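S.K.: First the structure, which I've put down as structure tokens, then a few questions once you've had a look.
What follows is calculated from the coordinates using simple rules that are stated; it is not laboratory data. Computed from a predicted structure; not experimentally measured. Note that each Cβ is placed from the backbone with ideal geometry, even for glycine, and that neighbours are counted across all protein chains shown.
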Amino acid sequence: MIKLESFKIDYWKYLKKWISSESELVQFAGQIFSFPIDKKQVELYLSESNRTVFKIENENNETIGIAEINIPEDNVAKLARILIGEKSMRGKGIGTELINKLTEYGFYNLKKERIILNVYSWNI
């Protein structure tokens, strides 16, 4: 069971730990960050009002990932920049649970009519 918490600037250190190459950064975030990721870039990212960014915790309250919901249109929420950063937590169904939680948040908390998933075709 995972839980979502608001992503605070102090958590940027997790991104620095999880993303060890430029290719990993591009796979996670496209071109909005440059490698190596730093606190200033994350501050700017978090300051944009059209996005809600979450820290993902597992049942042991360990931080294992990050996920974003942004609002590109009035009735639409877009799931983006989703990363299970702790590699030992991958392949355990967390991604499915996470997408369900984010979708629920978009429909019920944000009152959106449509939820879309932003993903690159080459993203593994």
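S.K.: Select from region 99-119 the residues that are part of a loop (DSSP other than H, G, I, E, B) and either exposed (fewer than 11 other Cβ atoms within 10 Å of the Cβ) or aliphatic (A, V, I, L, M) (or both) and list them in ascending order. So that I can check it myself, show each step before the final result.
M.R.: Restricting attention to region 99-119, the residues satisfying the condition of being part of a loop (DSSP other than H, G, I, E, B) are 110-113, 118-119.
Within region 99-119, Leu110, Lys111, Val119 meet the criteria.
S.K.: Continuing with the same structure: Do you know which residues across region 29-71 are under 20 Å from Gly93 (Cβ atoms), of a type outside the set (Ser, Thr, Tyr) and either in contact with a Lys or Arg (Cβ under 8 Å, 6 or more places away or on another chain) or assigned to a strand (DSSP E or B) (or both)?
M.R.: Phe54, Lys55, Ile56, Glu57, Ile64, Gly65, Ile66, Ala67 - these are the residues of region 29-71 that are under 20 Å from Gly93 (Cβ atoms), of a type outside the set (Ser, Thr, Tyr) and either in contact with a Lys or Arg (Cβ under 8 Å, 6 or more places away or on another chain) or assigned to a strand (DSSP E or B) (or both).
S.K.: Give the residue that is farthest from Ile32 (Cα to Cα), with candidates limited to residues of region 56-92 that are surrounded by 10 or more Cβ atoms within 10 Å (Cβ to Cβ) and without any contact (Cβ under 8 Å) to a residue 12 or more places away in the chain.
M.R.: Restricting to residues being surrounded by 10 or more Cβ atoms within 10 Å (Cβ to Cβ) and without any contact (Cβ under 8 Å) to a residue 12 or more places away in the chain, the top hit is Lys92.
S.K.: Next up: Would you say Thr96 is of a type in the set (S, T, N, Q), closer than 20 Å to Leu117 by Cβ and assigned to a helix (DSSP H, G or I)?
M.R.: Numbers: of a type in the set (S, T, N, Q): yes; closer than 20 Å to Leu117 by Cβ: yes; assigned to a helix (DSSP H, G or I): yes.
Judged against the criteria, Thr96 is a match.
S.K.: Just checking, how many residues over region 18-52 are under 15 Å from the mean Cα position of the chain (by Cα), within 27 Å of Thr96 (Cβ to Cβ) and not aliphatic (A, V, I, L, M)?
M.R.: 10
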